[in-house]
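To keep things clear, I will list the structure first and then write my remarks on it.
The values are calculated or read from the model by the stated rules, or taken from the named source; none is laboratory data. Source: prediction; values computed, not measured. Here Cβ is always computed from backbone atoms with ideal geometry, including for glycine, and neighbour counts include all displayed protein chains. Protein only, heavy atoms only, side chains kept; ligands, DNA and RNA dropped before computing areas. Shrake-Rupley method; radii C 1.70, N 1.55, O 1.52, S 1.80 Å.
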Amino acid sequence: FGSSLHCAPVPHAKAAKPSHPLCAMVPLPSRLCRVRTTIGSAFAAFVTLHFVPAWVVTLGSAHSPVVRMNMTDLEILENLHESYNLQRIGSLLEGEDLYRAVAPQIAPLDVAALPEVLTELVGLGGCAGAPGRWAELGVDEQAKILRRIATRANEDFVKQLSISRVTRPGADVHLKELFKSMAIEFLSQGRLTGPDTWESQALGMWARELCANMQQEEMRRFVVLHARDYLPVTRSPGHMAGNAEMIALACAFGRPMYAYGKGSLSKDAVEVEINNRGFASVRPYFQTHTAAAAARDVPPVRVFQLDGDGPFYMLGCAGPGQ
């Protein structure tokens, strides 16, 4: 296909990658995430001038600057609780894969929206009985079905890519996320050269830079060419699902998906939005935008990822007094 990026059939020596300046960020004290003030703009200016280099401040809106900062997982979770009344479901010792974190948030009505051919392929039977069948299953079985659905959705996406450029809304993001996931997998197999470390920030930076330096058409051809080597890997229970699978699930169920945490494959720092009252709220490191989700008035599926590339947790509303 004339691509400048090739997967080698044999391992290559990994080249060292220089550190990027975005890795060294000034930490945002957790107490600042809780400060409220009537002088919102003054607070935003204070944070910008005293805690953040000017080049990491972007504009979320006319009155809501977005600050990119280093935060610990516990600081992020604390902010999610105070900003959105969300809490992690499960202890830090009970981390799960993406599908187990998503499964309890998928309702029978979501399953009813699946095409009949898909419900039969993944083991839910026909459309008529699929919602009831879903409700009877335990989380482990539901997670297995979600993995099959996501894999099938990504396979269908690659088939579309093989025919022509996909123009549906969000297709460019889906392509980029699938490409980055493939690059990380092939790096682990020794078929691509990259950083000489498996530290999540370095890997995320490498994948983002690789993606940024490729033309979309070149990326499309790479994904189509190597999909047969990659997609079967995603069917394995040991494969850690990520952004590409979130998009696949969002397209299948028509539910938006918000992922919080450090998200090293998506961002180089946590994005915090400061509103006009001076209250700082953590933004998702990744969120889906699909036509199916836009057409439905349903809440997003929310998950939290530990340590940038670790296990996922379901996020749910905190009860009274919590």
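Summary of computed values
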{"item": "Accessible-area value, residue 226, 1.4 Å probe, nucleic acids and ligands omitted, Å²", "result": "20"}
{"item": "Nearest-10 value in Å² for the accessible area of residue 225, using the 1.4 Å probe", "result": "100"}
{"item": "FRET efficiency estimate (nearest 0.05) - Cβ-Cβ, residue 128 to residue 199, R0 56 angstrom", "result": "0.70"}
{"item": "Alpha-carbon centroid distance for the pair region 160-211 / region 129-158, whole angstrom", "result": "24"}
{"item": "Net charge dipole size for region 163-242 [Lys, Arg +1 and Asp, Glu -1 on Cβ; Debye, nearest 20]", "result": "360"}
{"item": "Separation in nanometres of the label points that stand 7 Å from Cα toward Cβ, at residue 109 and residue 225", "result": "4.6"}
{"item": "Computed E for residue 64/residue 148 - FRET, C-beta separation, R0 45 angstrom, nearest 0.05", "result": "0.65"}
{"item": "Potential extension, residue 121-residue 139 segment - 0.36 nm per residue separation minus Cα distance", "result": "4.6 nm"}
